[in-house]
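Data block below; observations after.
The values are calculated or read from the model by the stated rules, or taken from the named source; none is laboratory data. Keep in mind the model is a prediction, meaning the values are calculated, not measured. Every residue, glycine as well, gets a Cβ built from its backbone with ideal geometry; the counts of neighbours run over all protein chains shown. Just the protein is used for accessible areas: all its heavy atoms, side chains included, with ligands, DNA and RNA removed. Shrake-Rupley method; radii C 1.70, N 1.55, O 1.52, S 1.80 Å.
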2 protein chains.
Amino acid sequence: MVSASVKDVAALAGVSVGTVSNVLNRPQKVSAEVTLRVQSAIDKLGFVRNDAARQLRAGMSHSIGLVVLDAANPFFSDLARGAEDRAAAENFTVLVGNSNEDEGRESAYLDLFEQQRVRGVLLSPVGNVIPRLEQLRRRGIPTVLVDRQTENTSFSSVAVDDLAGGEMAAAHLLSLGRRRIAFIGGPASIRQVADRLAGARKAIDAVAGATLEVIATESLTVLSGRAAGESIRSRPEAERPDAIFAANDLLAVGALQGLMLMGGVKVPQEIALIGYDDIEFAAAAVVPLSSIRQPSALIGSTALELLLREAASEDGFAPTQVVFPPELIVRASTQG
Amino acid sequence: MVSASVKDVAALAGVSVGTVSNVLNRPQKVSAEVTLRVQSAIDKLGFVRNDAARQLRAGMSHSIGLVVLDAANPFFSDLARGAEDRAAAENFTVLVGNSNEDEGRESAYLDLFEQQRVRGVLLSPVGNVIPRLEQLRRRGIPTVLVDRQTENTSFSSVAVDDLAGGEMAAAHLLSLGRRRIAFIGGPASIRQVADRLAGARKAIDAVAGATLEVIATESLTVLSGRAAGESIRSRPEAERPDAIFAANDLLAVGALQGLMLMGGVKVPQEIALIGYDDIEFAAAAVVPLSSIRQPSALIGSTALELLLREAASEDGFAPTQVVFPPELIVRASTQG
DNA sequence: AACTCGTTATGAAACGATTCATTGCAGTGT
DNA sequence: ACACTGCAATGAATCGTTTCATAACGAGTT
């Protein structure tokens, strides 16, 4: 026998299976003496509940499915952590799937979660999943979208206001007296990039004499940022911007390297620099980076809470859109 | 009714439940005509298999549990990816738990995995878990240790030879003609750190006139590395080492920053620098970093394969220890 | 016509935990 | 002595899938 069942425990303790179950789930219903006997039988046999049987009977699992775009991205691992901690507090487990920005993998994880009868799904979507999510909902599995504001208000979502974040970053640079601002970022097809740029433009348009230059990059990586930084450094001094807003911290770190290479441009004296995301590495850069912080863990925990509330309520739950404000973190790269 | 069962499908298709199950699991046993009828019933009802019921019947799940020390560490996320990909190929799912170097969380995940009746566990251990693993084994759940060579040969393990890696790194520096080597790393209680240092010492002792200086750090972070780098830069030129081996890439990146600050020490002209792990960021550093690459994804996939083999075999499986050789990656920080 | 295969399809049993209507029993009150 | 209350414990039924011994049926052999 590989593992003991309630039946074995009941036999050894000389009680019925129902009583064993009561000891496990409603201890107050069972007399102290019997509880003791059952407990010692459990210990002796090394009994461990079979989750599959519990779930089958319960009809639903105690798990939440989470699909992220990129498990290696600190933003998502923080988000996942936030969700997991919140879930643990409610006695739920989070199953994490990494779609790697691939629609096929995303879909495979949704299938898996459906088979597992998860209580709900947290999703940072790749493609147009709305029809699939509507199907899930019809089968009693609610979804909350994370890191994406959606036009479709029939689903709950938790996101950060990237427009406000972009505005905040640009306004900070303007408040330092900088007027020739460069935005580094791309591809423009990524919503976050577009929103952050739009926010920056809004702030800059509001100040007379301030100009915005957009330096497009192919990706949101350190390498792309470095190339952008180097191209700025190689310009005649008069043609350089006096401040840079990078669409994320990886770009900013790269830009910093590109600018400082060979005793080049001084940051922040000649060019002030601000990034976005406030990843752990930002504070540890050669010149500690100012950044716009996103409450990644809070996004995760909030999304999970919304999801559980939605799952608990009978149909007719009103979808809720939560948008967090970003936060400005000032460090050396925009000081002095 | 929230979701349809085989019974509903059978009724609609006008066949027995056994036949529906056969369509799902042994299609060749069922006539084409019936298969068609069942399939269309499945589609019409939106039937989705209930995994809990399958598992209950099967007695074991199709999942593998994986507990890592730090989900945010690229090394572990790569390892997890390797394991997941290999698992997917065998139709298994990997449940990832993050112990965050906490014994309590580690233990909680092992409990959870046991309740889920996972097929096996992949573990990067925190404390002394051997007794717990022996208990698991007695209950039919095998374990493979990852990223840890263990004296205890009763369990399979997959790891990298850190001694050889350290030796390789130091030998590379020596081959450049450098003789005053500094090792940056700590705390010494971490086995990986100790092994890498021991390997370096071995290589250095073999070369007459070569010296090794150990600069202890509190942690394996960018910040610690930077402090070490700055302390070296602030020395009189004659007392500086001519090469540095950092215990991991985060330290190396930090050291690089500390050295280059304010047009300081030139890397690699004045001081050559090599790190360890070959994280993605290493290639993107101000001066691209040489490093010792660990095959993280390969470790994950190999561990998973060992585990499945062990799980499939009846008792009496001979535990296997796999040790991978590290690989030297030469970049600008040790060239020229 | 009786028979043996071979191919399909059947449906009851089993997996293990939980639930709930029911029973047993001791104690109270009349 | 009887009824009543309340607490403990019982055990059969249930969840949905898979399995396997059995049945049904048609085709081919004698």
Original post:
Which residues, taken from the range A:198-233, are under 20 Å from A:M168 (Cβ atoms), in contact with a helix residue (DSSP H, G or I) (Cβ under 6 Å, 6 or more places away or on another chain) and among the hydroxyl-bearing types (S, T, Y)?
Top reply: none
**OP:** Could you run through the range B:11-20 and say how many residues are more than 8 Å from DNA strand D (Cβ to nearest atom) and in contact (Cβ under 8 Å) with a residue 12 or more places away in the chain?
**Re:** 5
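If you scan the range B:159-181, which residues turn out to be more than 21 Å from B:A198 (Cβ to Cβ) and in contact (Cβ under 8 Å) with a residue 12 or more places away in the chain?
If the condition is that a residue be more than 21 Å from B:A198 (Cβ to Cβ) and in contact (Cβ under 8 Å) with a residue 12 or more places away in the chain, then B:L176 is the only one that fits.
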Subject >> Odd one out for A:V96 among (1) in contact with a strand residue (DSSP E or B) (Cβ under 6 Å, 6 or more places away or on another chain); (2) in contact (Cβ under 8 Å) with a residue 40 or more places away in the chain; (3) hydrophobic (A, V, I, L, M, F, W, C) >> reply: (2)
Subject >> Matching residues, the range B:118-129, being part of a loop (DSSP other than H, G, I, E, B) and open to solvent by less than 30 Å² (accessible area, probe 1.4 Å) >> reply: B:V118, B:S124, B:P125, B:G127, B:V129
Original post:
Here are A:V23, A:V67: which of them is within 16 Å of DNA strand D (Cβ to nearest atom) and either in contact with a Gly (Cβ under 6 Å, 6 or more places away or on another chain) or on the phi < 0 side of the Ramachandran plot (or both)?
Top reply: A:V23
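Tell me which residues, restricted to the range A:36-55, are within 26 Å of A:F92 (Cα to Cα) and of a type outside the set (D, E). Talk me through it step by step, then tell me what you get.
Within the range A:36-55, the subset within 26 Å of A:F92 (Cα to Cα) is A:39, A:42-43, A:46-55.
Those that are within 26 Å of A:F92 (Cα to Cα) and of a type outside the set (D, E): A:Q39, A:I42, A:G46, A:F47, A:V48, A:R49, A:N50, A:A52, A:A53, A:R54, A:Q55.
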Original post:
Of the residues that make up the range A:150-169, is at least one open to solvent by less than 50 Å² (accessible area, probe 1.4 Å) and under 28 Å from A:L261 (Cα atoms)?
Top reply: yes
**OP:** Scan the range A:113-139 residue by residue and report those that are under 21 Å from A:A52 (Cα atoms) and touching a residue at least 24 places away in the same chain (Cβ under 8 Å).
**Re:** A:F113, A:E114, A:Q116, A:R117, A:V118, A:R119, A:G120, A:V121, A:R139
Original post:
How many residues does the range A:175-208 contain that are of a type in the set (D, E, K, R) and either outside the structural domain of A:A228 (by TED's automatic domain parsing) or in contact with a Leu (Cβ under 7 Å, 6 or more places away or on another chain) (or both)?
Top reply: 2
Subject >> strands (runs of 3 or more DSSP E) within the range B:227-336 that include 3 or more residues in contact (Cβ under 8 Å) with a residue 40 or more places away in the chain and open to solvent by less than 20 Å² (accessible area, probe 1.4 Å) >> reply: B:243-246, B:272-274
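Would you say A:E218 is modelled with pLDDT under 95 and charged (D, E, K, R)?
Numbers: modelled with pLDDT under 95: yes; charged (D, E, K, R): yes.
Here the answer is yes, as A:E218 does meet what is asked.
Take the conditions more than 27 Å from B:F324 (Cβ to Cβ) and basic (K, R) and apply them to B:R201. Does it pass? Can you show your working first?
Working: more than 27 Å from B:F324 (Cβ to Cβ): no; basic (K, R): yes.
So B:R201 fails the test.
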Original post:
Within the range A:1-115, which helices (runs of 4 or more DSSP H) (wholly inside it) include 2 or more residues that are surrounded by 20 or more Cβ atoms within 10 Å (Cβ to Cβ) and either within 11 Å of chain B (Cβ to nearest Cβ) or more than 16 Å from DNA strand C (Cβ to nearest atom) (or both)?
Top reply: A:51-58, A:74-89, A:103-115
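Which one of A:A246, A:A272, A:A282, A:A311 is at pLDDT 95 or above and either within 27 Å of the chain's Cα centre (by Cα) or more than 24 Å from B:G258 (Cβ to Cβ) (or both)? Quick ask: steps written out before the conclusion?
On the way: A:A272 fails: either within 27 Å of the chain's Cα centre (by Cα) or more than 24 Å from B:G258 (Cβ to Cβ) (or both); A:A282 fails: at pLDDT 95 or above; A:A311 fails: at pLDDT 95 or above.
The match here is A:A246.
Listed residues B:E270, B:E280; which is over 30 Å from A:P74 (Cβ atoms) and charged (D, E, K, R)?
The conditions single out B:E270.
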**OP:** Need at least 2 residues that are within 29 Å of A:E270 (Cβ to Cβ) per element, so show me which helices (runs of 4 or more DSSP H) inside the range A:130-215 make the cut, counting only ones lying wholly within it.
**Re:** A:162-175, A:191-205
